[in-house]
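Have a look at the structure below before the remarks.
Every number here is computed from the coordinates shown, using simple stated rules; none is lab data. Small disclaimer: the values here were computed from a predicted structure and weren't measured. Cβ placement follows ideal geometry from the backbone for every residue including glycine, while neighbour counts extend to all protein chains displayed.
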Amino acid sequence: MKALRHKILWMVVILTTINLNSQGQANTNERALWFTDARFGMFIHWGVYSGAEGIWKGEKLRNDNDYAEWIYYRNRIAREEYTTLLDRFDWEHIDPEQWVLLAKKAGMKYVTITAKHHDGFALWDSQVSDYDVAEFTNPKRDIIKELSEACAKHGLKLGLYYSHWVDWEHPDGWDHSKEIYGITAEDYDRYWQGKVIPQMRELLTNYGEIGIMWFDMWIHHSRTCVTKEQLLQLKGVIRELQPNCLVNSRLGLSIEEDSDIDFKTLGDNQLGSKKEEFPWQSPATVAHSWGFHALEKQWKSSTTLLQSLIGNVSLNGNMMLNIGPRANGDVPYEIEQRLLAMGNWLSVNGESIYGSQAFDLVKDQHDWGKITCKQNADGTTRLYLHVYNWPLSHKLPVTGIREKLVKAYLLASPETTLSFSGKGVVTELDLPAEAPDPLVSVVVLEYASYPTIEDGLVAQSVYGGFSFTPKNALKSEGNMQIQAPGRRGTVPAHIRVTEKSSYQWRIYMNKAMTVYCDVSYAFEGKEDSGKITAKSESAKLSDTFQNTGRFVGEPNSNWQIESFNAHRLGQLEFSEPGYYDITLEFKPEKDEELSFQWLWLETK
Ligand code: GLC
């Protein structure tokens, strides 16, 4: 009876897993489905600060975080003088439709603009405050109206960034100096009821459908002057006026505490690190600053930006990439070029991004790139292998999928089918010599149903071997505390072994073979003391600890570090294809310490 109950329980667990897989992101509100399909959006930081370009009266922006949109606060500019920056704007030339057209060419599906940033200046014709664009233009401009019309015309969703917590121009708004001078709850509520709530009503009433209200309080409300009641009031206004509008977690309420929050916003330029079942997004810049900064230098490459987007989608995430147009409305060349390159790529490979999701293999399991997945209504499923580094061997190993592969081809040329050989849970694809795309190439795998996976395996490396580290071990005994890389990475991540310790990994060998087995460690103790043993089911290799000594990182800088050297333990034989457990054991002598880095099985 007990056994039967156990069996039923397992069946329920398995069925639920299959069901979850086919449903995709389980914790997505209905209204956010377009957002998880869209995956890629444009962020626009544009306002009075764009006229300063990160410099005020000859002085560079204070504070090394170099966010040009903070110049009002950082360089202590007076409220009235700040708006003189608007004299530099070329109103004839400024055309928000151009930004929307660029977003479209870049393959972005939504646009979020700073309707009101921390400076408190409104980019629309606000009846609530005359610290707005209409007050300073002749004829009066309403940038939000122009942008909303352009978005509607070109089929993009519109998002509005609204700085609710921080407002530097309003006497009762929050600026960080109030930590010194204080503000009463009553005064702050005057700002809230007098500016935030009525401006929110304007934005949600006069500009058509708003896809996203994007707030920017990057710490939890309990650590700010804003109360939970005020936040709920604000959210209530949105739900009342535009029930389909999405709200992000920087409202100050986390998605975990309020499931009515539609998506989580990660930190600035923070990319995903794990798969989530709820919608999430990284706000990202092409260089560093959000508002245009004349001294910007750190431009990321198109490939880097594309890989950030792909990496996020492979974990069920979105990316919103920022442009900081100049005061004449122009988008900086360096930004435009990268966006166009991404758009070109997406026009060929977009199928692997839009409406695609995470696939449940272990994160970073394959060293050639990232996988996204799409299941069709008839159950057939495509996996998109994003190959970051086209293998010199022209062979691509895919580990962990049990399902029979129906077809493999290049997304850039679906008529180019690829031959493959499969054994157990390893498929080896034959690639053409030339990568189809100079940025990232995509290989499609087609399955008749959602593929079942074999979890916990160490994948075959594209470099012909298996790389075993403390991080990808399945089991261990003894110390598992990983020491982070030190001395600028010249000391690699490792584990200090002072007592008997062992680590175990699981692999699938797709053919019988004999492989070399190398272990990398640092040891400065007694030569030939201790014992290392590497084991598979059929064989065992042993060695004593060898002293690896020290070496110098840079001359004349007191930079002497322990040397991590690879030692060949010998050869292990695998007489037939199948699953194998690989164990590595260290037995140090009393008071001796070894630093273990990795084990490598060379399959070539
Ligand atoms: C931060 C900054 C802000 C920028 C935003 C973008 O919160 O204060 O200037 O708008 O991040 O994510």
**Report entry** Relative packing of 176-183, 99-106, which averages over residues the other C-beta atoms within 10 Å, highest first
**Finding:** 99-106, 176-183
Report summary line: Along principal axes, largest first, the alpha-carbon spread of the stretch 551-597 in whole Å comes out as 53, 28, 17
Requested in this report: Consider all pairwise Cα distances in the stretch 359-447 and report the whole-number % of them above 17 Å.
Outcome: 44
Query - Charge sum, other residues only, whose C-beta stays under 15 Å from Met480's C-beta, Lys/Arg counted +1 and Asp/Glu -1 - result: +1
**Report entry** Dimensions (Å) - the stretch 24-351, Cα atoms, principal axes, largest first
**Finding:** 51, 42, 37
Report summary line: Given 196-206, 67-77, the highest-first ranking by average Cβ count within 10 Å works out to 67-77, 196-206
Report task. Return the tail of the calculated pair distribution for the stretch 291-385, meaning the percent of Cα-Cα pairs more than 18 Å apart. Result -> 54
Query raised in the report: Highest mean first, what order results for 458-468, 523-533 on Cβ atoms within 10 Å?
Result: 458-468, 523-533
Report summary line: Taking the reciprocal of mean 1/r across every pair of different Cα atoms in the chain, the Kirkwood radius in Å is 27.4
Report task. Add +1 for every Lys or Arg and -1 for every Asp or Glu among the other residues with Cβ under 10 Å from the Cβ of Trp598, and state the total. Result -> 0
Query raised in the report: How far apart, in nm, are the 7 Å Cα→Cβ label points at Lys526 and Asp543?
Result: 2.0
Report summary line: Here the convex hull volume per residue of the stretch 465-602, taken over Cα atoms and given in Å³, is 105
Requested in this report: Run down the aspartates and glutamates and flag those whose C-alpha is under 12 Å from the C-alpha of Lys60, throwing out any fewer than 8 positions away in its chain.
Outcome: Glu296
Requested in this report: Give me the number: length gained by fully extending Tyr333 to Glu209, i.e. 0.36 nm times residue separation minus the C-alpha to C-alpha distance, one decimal in nm.
Outcome: 41.5 nm
